[in-house]
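Laboratory data are not the source of any read-out in this text; all were calculated from the coordinates shown. Everything numeric in this text was worked out from a predicted model, so none of it was measured. Here the Cβ positions follow ideal geometry from the backbone for every residue, glycine too, while neighbour counts run over all protein chains shown.
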Amino acid sequence: MPDPISHDQLQPIDLSDVLSRIGGDTSFLKELLAIYFQEYDEKKRLLEEAVTRQDYKQLSELGHSLKGASANLGLARLQRVALSLEIAGKGGKLQPAKEALRSLEAEVLMLKAFLAENPLT
C-alpha cells in the first residue's frame, strides 16, 4: 500500500498553519507574500550568478536565507528546495545546485498559480 501523501506535498503553501501563526490576518499574509516574491526575484538572480561563478559559499548562504523565509510562510516544498541549494553549496556540487535552481523556479510558479486560483480574502 502506498504511503499517504502529506498535505504539504499537495499544496505549495500551508495556509492554515501560516494564518494561525499570524492571527488569521489575510491582509498581512498578502503583504508577507509580496515581500517574499520581491526578495525571491533578487535572490534568484544572485543564485543564478552564484551557480555561474561556482560561488558555493554564496549559494549556501542564499539557500539558507531562502529556506528560513520559506519556512516562516509555511512553504514547505520551497523550504526543501532551498535546503537542497544550501547543501549543494556546502558540498561544492554544481549539478545538484543547477537542478535545485530549476526546481526552485518550478515551485515558485506553482505557488503563484495556487495563489491565483485561491485568492486570499
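Give me the one-decimal nm value for the distance between modelled label points at Gln38 and Ala116, 7 Å along each residue's Cα-to-Cβ direction.
My value for the distance between the label points is 2.2 nm.
With +1 on each Lys and Arg Cβ and -1 on each Asp and Glu Cβ, and nothing else charged, work out how big the dipole of the chain is about its Cα centre, in Debye to the nearest 20. Show your work: numbers first, answer last.
Working: 15 positive and 18 negative charges, 75 e Å.
Charge dipole of the chain: 360 debye, to the nearest 20.
Would you calculate, for the chain, the mean residue ellipticity at 222 nm contributed by helices, counting each DSSP H stretch of 4 or more residues as -39,500 (n - 2.57) and dividing by all residues, to the nearest 500?
Numbers: 6 runs with 96 residues, N = 121.
Taken over the chain, the calculation gives -26500 deg cm²/dmol.
To two decimal places, what compactness ratio does the range 60-121 give when its Cα radius of gyration is scaled by 2.2 N^0.38 Å? Display every interim value, and only then the final one.
Details: Rg = 12.4 Å, N = 62, 2.2 N^0.38 = 10.6 Å.
The range 60-121 yields a ratio of 1.18.
Can you give the FRET efficiency to the nearest 0.05 for Ala106 and Arg53, using r as the Cβ-Cβ distance and R₀ = 41 Å?
Details: r = 23 Å, r/R0 = 0.56.
Computed FRET efficiency for Ala106 and Arg53 comes out at 0.95.
Return the equivalent ellipsoid semi-axes of the chain as a descending list in whole Å, where each equals the square root of 5 times an eigenvalue of the C-alpha gyration tensor. Working shown, then result.
Numbers: eigenvalues 137, 57, 28 Å².
That gives 26, 17, 12 Å for the three semi-axes.
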